[in-house]
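Report on the following structure.
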Amino acid sequence: MSYPASTRAPSGPPQKGQPQRAGTPLPFQAPFPAGAETRVCGSSTARSGLGTEQSEPSFHPEEGTRVANLRRRIAKLETCVSRAAPSLLGLGVPEIHRHLPGPGLAGGVLHEVIAATPEETPAALSFLLALMCLALKPKPGLAVLVAAQRAFDQWGALYGHGLDRLGVDPGRLILVTARTDKEALWAIEETLRSRVRPAIVSGALASCPDLTASRRLNLAAAALAIPLTLACTEKSSGGSAAATRWRIGTLPASRDRFGTLLNPCWRVSLERCRHGRPGKWFVEWNHVAHRFSLVEGMADHPSAQSTGNLRIAG
C-alpha cells in the first residue's frame with residue numbers, strides 16, 4: 001500500500017520555443033491521466049490546475065500574481081465541498097468550552113493531540129481514546145482508529161481492558177494498523193471518503209501531518225462533519241491546517257482509599273484554536289462516569305507553581 005502521488009504545476013512558465021513540461025509528482029494526490037481534464041464546481045480546468053483551458057495559455061510574469069491565482073483556486077476547492085450539518089464533540093467542562101468557538105470540538109475539521117515529550121506519548125494516546133469515548137456515548141456507530149506502527153512500537157499494542165477503562169467498547173472499535181505515517185494518512189482519508197459513517201475517526205502517528213496533508217484531511221472530513229482527531233509524538237516542522245492543537249502531559253493519577261491507581265490525570269494545554277483562545281488545565285478522567293473534570297485540590301501541587309496561567313478547579 002502506498003499513499004497516492006499527484007501532480008503539481010511547473011515552477012515557472014515554459015521558455016519560448018520549448019514544450020511545457022509535465023508536472024512533478026507531489027505526495028498525497030492522485031495523478032491525472034494523460035490528456036485528462038477535471039471539473040471543479042462546474043468550471044473546466046486544465047490538467048495543471050493553473051487556469052481555464054484556452055487555445056493560448058497565458059502566464060503572469062509576476063510571482064505574486066501567480067501565487068494569488070493559486071490561492072483563489074485553493075479557496076474555491078475548499079468552499080465547493082458539500083458539507084454535512086455541523087456537529088460538536090462536547091468535552092463536558094465549561095471552563096474549557098469558554099476557550100473554544102462552541103461548546104465542544106467542531107466536527108468536520110482536524111484536531112491534533114501532541115505529546116508534551118516523547119516519553120508522554122501514552123498520555124496523548126489515552127487522551128485521544130477518552131475523546132473517542134465521548135464521541136461514542138451520544139450516538140450509535142463505530143469508531144475507527146488508524147495507527148502507524150511507529151506510534152506504538154515502544155509502548156505495546158492496545159488491549160481490551162485498557163480500552164474498556166477509558167470507556168471505549170472494543171466491540172465498537174475498528175483498528176487499522178499501517179506500516180508508515182504515509183500509509184496511515186491514506187487510510188484515514190479513504191475512511192473519510194468511504195460510505196462508512198463512523199461516529200469518530202482518529203489516528204495515531206509518529207509525526208503530525210504537514211500543511212498539505214492536513215488540508216486534505218480537512219477537505220475529506222468536511223463532507224461527513226464528524227470529529228477527526230489525530231495523536232502525534234511530535235509536531236511537524238511546517239504549518240498545519242488543524243483547527244485545534246492540544247499538548248498533553250502527565251500528572252500523578254488519583255488514588256482510591258487503598259492507595260491503588262484510580263483515575264488518570266493529564267496536564268492539558270490548548271496551544272492553538274481557530275476562532276478561540278489558548279488555555280491550560282489539570283484534567284482528570286472519571287473511568288466510571290466516563291467524563292472529564294478539572295482536578296480539585298491541586299493548588300499545592302509542585303507543578304502548579306511553574307505552569308503559569310493554569311486554570312485549576314477548587
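The values are calculated or read from the model by the stated rules, or taken from the named source; none is laboratory data. Predicted, not measured: the structure shown is a model, and the values here were computed from it. Because the Cβ atoms are built from the backbone with ideal geometry, glycine has one as well, and the counts that use them run over all protein chains shown.
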ARG215 surrounded by fewer than 21 Cβ atoms within 10 Å (Cβ to Cβ) and free of Cβ contacts under 8 Å to residues at least 12 places away in the same chain
no
Scan the range 144-163 and tell me whether some residue there is within 25 Å of GLY102 (Cβ to Cβ) and in a strand (DSSP E or B).
yes
Quick one: count up the residues across the range 126-143 that are outside any helix (DSSP H, G or I) and farther than 20 Å from ALA178 by Cα.
5
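Quick grid of which residues meet (1) charged (D, E, K, R); (2) modelled with pLDDT under 90:
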position: ALA199; (1), (2): no, no
position: ARG216; (1), (2): yes, no
position: LYS235; (1), (2): yes, yes
position: ALA253; (1), (2): no, yes
position: ARG257; (1), (2): yes, yes
position: SER269; (1), (2): no, no
position: PRO278; (1), (2): no, no
Requiring at least 1 residues that are of a type in the set (Val, Ile, Thr) and within 12 Å of the chain's Cα centre (by Cα), the strands (runs of 3 or more DSSP E) wholly within the range 166-283 are 200-207, 228-234, 244-251
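Residue by residue, here is whether (1) touching a helix residue (DSSP H, G or I) at 6+ places or on another chain (Cβ under 8 Å); (2) among the acidic types (Asp, Glu) holds:
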position: GLU189; (1), (2): yes, yes
position: SER194; (1), (2): no, no
position: GLY203; (1), (2): yes, no
position: SER207; (1), (2): yes, no
position: ASP210; (1), (2): no, yes
position: GLU234; (1), (2): yes, yes
position: GLY239; (1), (2): yes, no
Answer with yes or no whether ALA304 is at pLDDT below 85, more than 21 Å from ALA106 (Cα to Cα) and not in a loop (DSSP other than H, G, I, E, B).
yes
With assigned by TED's automatic domain parsing to the domain that holds THR229 and more than 17 Å from the chain's Cα centre (by Cα) as the only criterion, which of GLY160, GLY108, GLY104 stands out?
GLY160
For the range 92-125, what are the residues that are in a helix (DSSP H, G or I) and either free of Cβ contacts under 8 Å to residues at least 24 places away in the same chain or touching a helix residue (DSSP H, G or I) at 6+ places or on another chain (Cβ under 8 Å) (or both)?
PRO94, HIS97, GLU119, THR121, LEU125
Of the numbered conditions (1) farther than 29 Å from ARG71 by Cβ; (2) modelled with pLDDT under 90, ALA187 satisfies every one except a single condition; which is it?
(2)
How many of the residues making up the range 130-149 are in contact (Cβ under 8 Å) with a residue 60 or more places away in the chain and either under 17 Å from LEU230 (Cα atoms) or in contact with a Lys or Arg (Cβ under 7 Å, 6 or more places away or on another chain) (or both)?
7
